[in-house]
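Only the coordinates and a few stated rules stand behind these numbers; no lab work does. All values derive from a computational prediction rather than experimental measurement. Because the Cβ atoms are built from the backbone with ideal geometry, glycine has one as well, and the counts that use them run over all protein chains shown.
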């Protein structure tokens, strides 16, 4: 039997190393949040029932995930919990909490958030005399010196995101009122219908 040459052995070792890096190395470079999301995305039972399980945040191993599955749908809810239990085996995960959010509830939450931001914007205007050019000015002025600014006008260190983890869209002056403030719904894109329909500060929302 002919012995493999040094060149063929070297090529084989390079290929093995490449495959290992592709399968293992790339995974090890992922953050914990991305690893958990990848686990959910590849779960065959979630795929079969078309269940979306989204990692909202991860901090020091404590993870929050969200789904729109109704708790009364026992079959789907069990699949969700089984997927979460499987993800708990990922190294670095300390605990996973689940938030159940229906599309309607998310839209209602987005509407309330827009109203709260509107209150903050109105308070800013009362102090400064006009609406801010950016939502960030509700938190801090940065290098700007704004006369009569008496904030922050919102709690926290950053502007909250909408229930789909997208930024609210703010324009001042607005096309429809003194300012326009919107959430673009589930798809995060302007326009759409149903759960993707925009939620706007200048419109009445009947959800």
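Using only the alpha carbons of the stretch 31-100, what is the convex hull's orientation-averaged projected area in square nanometres? Present the calculation step by step, with values, prior to reporting the outcome.
Details: hull surface 16.0 nm².
Average projection, Cα convex hull of the stretch 31-100: 4.0 nm².
Tell me, 158, 34 in order of fewest to most beta-carbon neighbours within 10 Å? Don't skip to the answer; put the middle values down first.
Values: 158 10, 34 13.
Neighbour counts put them in this order, fewest first: 158, 34.
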* Under 19 Å from a point 7 Å along the Cα-to-Cβ line of residue 136: which residues of the stretch 157-189 have their amide N that close? -> 157-162, 166-173, 180-182
* To do: Evaluate the distance, in nm, between pseudo-label points positioned 7 Å from the Cα of residue 176 and of residue 202 along their respective Cα→Cβ axes.
  => 0.7 nm
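With the Cα gyration tensor of the stretch 103-200 in hand, convert its eigenvalues to equivalent ellipsoid semi-axes via √(5λ) and list them largest first in whole Å. Intermediate values should be presented prior to the final figure.
Details: eigenvalues 133, 37, 24 Å².
Equivalent-ellipsoid dimensions as semi-axes: 26, 14, 11 Å.
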* To do: Quick one: order 73, 162 by neighbouring beta-carbon count within 10 Å, fewest to most.
  => 73, 162
